[in-house]
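In what follows, a structure is listed as structure tokens, so that the remarks can point back to it.
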Amino acid sequence: MPAENLKIFFSDRMKKAAQIFLCYAHQDAAQVEPLYEKLSCAGFQPFMDTKNILPGEDWELVLMNAIREAPFFLACLSKNSVNRRGMVQKEIREALEVWRQKLDSDIYFIPVRLEGCMVPPALAKFQWGDLFQDDGFDRLKLAVNTGLERLGVIRPIRLRSVPLNDLSNEEVKLMLQRNDFFDRDWYWMGKGLRHQYEVAASGKIVIDHTTGLTWQQSGSPYKSTYTDAEQYIRDELNNPKFAGYNDWRLPTLEEAMSLMEPVRKNGDLYIDPIFDQQQHNIWTVDKVAGEPGWNVLFFHGYCIISVAGAISCVRGVRSEPAIS
């Protein structure tokens, strides 16, 4: 299958897989709308009647079809909904019928409490989440992502692509822990990402469907200063439209560290063997006090602030448009 068709296939599959039906009492709309926005910002596809049903559509038919098609059903529970007759109960009954057709290991029916309230006995078999707790939304994201993995889908993880002009050691350590990235010195227990790599453009590029990033398979054949690295991106990649693209750039430290493997896999390098071995270390766009700073050292297995006059290789990266 051609690379472009593969990208379309993965995007369409992920769009459908990340759909989440939001069931709620209309009195709770003011609480559910921010949830809808947070799920959207996290890359999911929430379905909310007031957002997704068009004027003139048979709203009840659309709702029932959405429940049957969505891989996830989110029952938003509150004092307004748990003892209320009407559409909420009808939606829950329909979702329970769908759940009965799922595998025992599937995560489909997810009750979440918007406030402290009773969970109906019929739903007590499901572990619920509390969105009013500090970690409530994070646990919800974990549940959906785990459900996606069990469905055999790895949803793209969006990494920071905006450069930082003064990235501190403390911020880097937090980033490594948050993403579970391996760093031999600062986070040796990190497991790294489970990548879905695809080689394309006659071996020139590596598409990572886990992060939505496209990387040079190799990179600059020599080490250079940061200024020369920027020139390499411009003259060797963007001006000639390397692999058909003119939006190549230096990676952020977060993006570059996503390539770090927790063990040596590519000769002496902590990087997947799908990449060229020549680039032992690479520049990132992130700086320290406005000066070129952060390098990723695949030979040593860590990231480090460069010293004055440092030289490093370049591995260009570009971002695919966010799935929406």
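Each residue in the stretch 63-118 was checked for being β-branched (Val, Ile, Thr) and in contact with a Cys (Cβ under 7 Å, 6 or more places away or on another chain), and 4 pass. Looking at the stretch 45-105, the helices (runs of 4 or more DSSP H) lying wholly inside it that each contain 1 or more residues that are aromatic (Phe, Trp, Tyr) and surrounded by fewer than 18 Cβ atoms within 10 Å (Cβ to Cβ) sit at 59-69, 87-99.
Within the stretch 276-295, is there a residue that is over 23 Å from Val172 (Cα atoms) and among the small types (Gly, Ala, Ser)? Within the stretch 276-295 (the criterion being over 23 Å from Val172 (Cα atoms) and among the small types (Gly, Ala, Ser)), the answer is no, since none of the residues qualifies. Being without any contact (Cβ under 8 Å) to a residue 60 or more places away in the chain, under 30 Å from Trp294 (Cβ atoms) and of a type outside the set (Phe, Trp, Tyr) is a property that Lys173 has.
Residues are listed down the side, and each one gets a yes or a no for (1) in contact (Cβ under 8 Å) with a residue 40 or more places away in the chain; (2) aliphatic (A, V, I, L, M); (3) buried (at least 16 other Cβ atoms within 10 Å of the Cβ); (4) touching an Asp or Glu at 6+ places or on another chain (Cβ under 8 Å):
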position	(1), (2), (3), (4)
Pro121	no, no, no, no
Asp135	no, no, no, no
Val144	yes, yes, yes, no
Gly147	yes, no, yes, yes
Gly152	no, no, no, no
Arg184	yes, no, no, no
Val199	yes, yes, no, no
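Looking across the stretch 229-268 at every residue that is surrounded by fewer than 16 Cβ atoms within 10 Å (Cβ to Cβ) and part of a helix (DSSP H, G or I), the one that is modelled with the lowest pLDDT is identified as Gly244.
Between Leu131, Leu142, the distinction of being within 15 Å of the chain's Cα centre (by Cα), under 25 Å from Leu77 (Cβ atoms) and of a type outside the set (Ser, Thr, Tyr) belongs to Leu142 only. Checking the structure you have, find out if any residue of the stretch 18-31 is surrounded by 15 or more Cβ atoms within 10 Å (Cβ to Cβ), at pLDDT below 95, under 20 Å from Glu320 (Cα atoms) and touching a His at 6+ places or on another chain (Cβ under 8 Å). No, there is no match, as no residue in the stretch 18-31 is surrounded by 15 or more Cβ atoms within 10 Å (Cβ to Cβ), at pLDDT below 95, under 20 Å from Glu320 (Cα atoms) and touching a His at 6+ places or on another chain (Cβ under 8 Å). Of the candidates Ile311, Ile305, Ile282, the single residue that is in contact with a Gly (Cβ under 8 Å, 6 or more places away or on another chain), of a type in the set (A, V, I, L, M), in contact (Cβ under 8 Å) with a residue 12 or more places away in the chain and surrounded by fewer than 22 Cβ atoms within 10 Å (Cβ to Cβ) is Ile305.
The values are calculated or read from the model by the stated rules, or taken from the named source; none is laboratory data. Being a predicted model, the structure only gives us computed values, none of them experimental. In this analysis, Cβ positions are derived from the backbone assuming ideal geometry, glycine residues included, and neighbour counts consider all displayed protein chains.
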